[in-house]
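The values are calculated or read from the model by the stated rules, or taken from the named source; none is laboratory data. It should be emphasised that the depicted structure is a prediction, and the values quoted were computed from it without experimental measurement. For neighbour counting, all protein chains shown are included, and Cβ atoms are generated from backbone atoms with ideal geometry for every residue, glycine included. SASA here: full protein model, heavy atoms, side chains in, ligands and nucleic acids out. Shrake-Rupley method; radii C 1.70, N 1.55, O 1.52, S 1.80 Å.
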Amino acid sequence: MSHAPVIARTIPALHRAYNDLKKRNATIALVPTMGALHDGHVSLVRLAQKRAKRVVVSVFVNPEQFAPHEDFASYPRTWKADLAKLRDEGVDLVWNPDVTTMYPDGFATRITPEGPATAGLEDRFRPHFFGGVATVVAKLFTQVRPDYAIFGEKDYQQLKVIARMARDLDLGVKIVGAPVVRERDGLAMSSRNIYLSGDERRAAPVLFRAMKDAAKRIRGGESFDAALHASARSITQAGFNLDYLEARHTETLAPISNLSAGPARMLVAARIGTTRLIDNIKI
Ligand code: AMP
């Protein structure tokens, strides 16, 4: 039976917990989350446990990364169930600050990431997003001072933005990417999947299927353009409004239209009803 994790909600409580965790110079891995935990998050925790002696999970729904019209207020909050999962996984510390702890009155310092954050993917549709993410993650890193931080490839552009920021600002934390965890029918797990109606949920696996299909055609010699067009059509025919379906260089996120130009990743974002889903695969 694992011990219940320590829960810290204030900066002094976090520092006390940190001093305990750090005894005998133990390494620390941080898994940042917004809660509403699913098996994708659990896979990150398990990877963290492989990398480091101590695992800290942050649970914080970050208002700075939501635009006013987005779902901050309705974002699922399932604290009790989250805590039960983290306890079952043997997590050492849960960092659960409230909004005023993270952003005290007069807060006026924000990070503006460039490079991968201006690649023309998520940033085109959510211009607030990466500034908010980079700011909160930089704060989480200075608060928790982890040796490693684990991020899902599910949010592929985000992973690249954070890795760039950690290098650029010499934050001294190694960023580790974790593979996308999927439902049995291929839908990438996401806290937002609970927004889907029955019909929408049945349509949703088309994103993964269409990407796999395009990747297969590309590997079989079809042009990127033709393969992506055909898959874009399947996605819209299933009832989605497509924000993008694109092939990008795995590392730089530059547009890519030829497998000889480097390793490639396919990324998709699409809306069905009021829900926006993203996913990506290696080509
Ligand atoms: P979130 O709570 O959605 O902000 O996600 C917290 C972390 O979990 C991020 O690094 C995500 O990329 C990661 N994550 C979310 N869904 C998945 C998934 N299906 N597979 C792997 N990682 C995921």
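A few notes on this one:
- In the stretch 79-112, the residues that are in a helix (DSSP H, G or I) and within 12 Å of Arg9 (Cβ to Cβ): Trp79, Val99, Thr100, Thr101, Met102
- Residue in the stretch 241-263 that is over 23 Å from Arg126 (Cβ atoms) and open to solvent by less than 40 Å² (accessible area, probe 1.4 Å) present: yes
- Residue in the stretch 91-102 that is most open to solvent (accessible area, probe 1.4 Å), counting only those that are touching a helix residue (DSSP H, G or I) at 6+ places or on another chain (Cβ under 7 Å) and either over 19 Å from Val6 (Cβ atoms) or among the charged types (D, E, K, R) (or both): Val99
- Pairs linking a residue in the stretch 14-40 that is open to solvent by less than 70 Å² (accessible area, probe 1.4 Å) to a residue that is away from the ligand (no atom under 16 Å from the Cβ) and among the β-branched types (Val, Ile, Thr), with Cβ atoms under 7 Å and 6 or more positions apart or on different chains, are Ala17/Val6; Leu21/Ile28.
- Of the residues Arg77, Arg51, the single one that is open to solvent by 70 Å² or more (accessible area, probe 1.4 Å) and within 17 Å of Val136 (Cβ to Cβ) is Arg77.
- Qualifying residue in the stretch 189-197 (condition: modelled with pLDDT of 95 or more and touching a helix residue (DSSP H, G or I) at 6+ places or on another chain (Cβ under 6 Å)): yes
- Subset of the stretch 194-227 [of a type in the set (Gly, Ala, Ser), part of a loop (DSSP other than H, G, I, E, B) and either under 11 Å from Val268 (Cβ atoms) or in contact (Cβ under 8 Å) with a residue 60 or more places away in the chain (or both)]: Ser197, Ala204
- Unique residue being modelled with pLDDT of 95 or more, in contact with a helix residue (DSSP H, G or I) (Cβ under 8 Å, 6 or more places away or on another chain) and open to solvent by 60 Å² or more (accessible area, probe 1.4 Å) when the list is Arg110, Arg124: Arg110
- Val57 meets all of the listed conditions (1) within 12 Å of the ligand (Cβ to nearest atom); (2) assigned to a loop (DSSP other than H, G, I, E, B); (3) open to solvent by less than 40 Å² (accessible area, probe 1.4 Å) but one, namely (2).
- Residue satisfying all of: in the stretch 228-238; outside any loop (DSSP other than H, G, I, E, B) and of a type in the set (A, V, I, L, M); farthest from Tyr75 (Cα to Cα) among these: Ala230
- Annotation: of all residues in the stretch 6-36 being basic (Lys, Arg) and at pLDDT 95 or above, the one that is farthest from the ligand (Cβ to nearest atom) is Arg16.
- Out of Val133, Val144, one residue alone is β-branched (Val, Ile, Thr), within 10 Å of the ligand (Cβ to nearest atom) and surrounded by 18 or more Cβ atoms within 10 Å (Cβ to Cβ). It is Val133.
Here's the yes/no breakdown for (1) more than 15 Å from the ligand (Cβ to nearest atom); (2) open to solvent by 60 Å² or more (accessible area, probe 1.4 Å); (3) not assigned by TED's automatic domain parsing to the domain that holds His41:
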| position | (1), (2), (3) |
| --- | --- |
| Tyr156 | no, no, no |
| Asp168 | yes, yes, no |
| Gly186 | no, no, yes |
| Asp199 | yes, yes, yes |
| Ala203 | yes, no, yes |
| Val206 | yes, no, yes |
| Ala210 | yes, no, yes |
| Glu222 | yes, yes, yes |
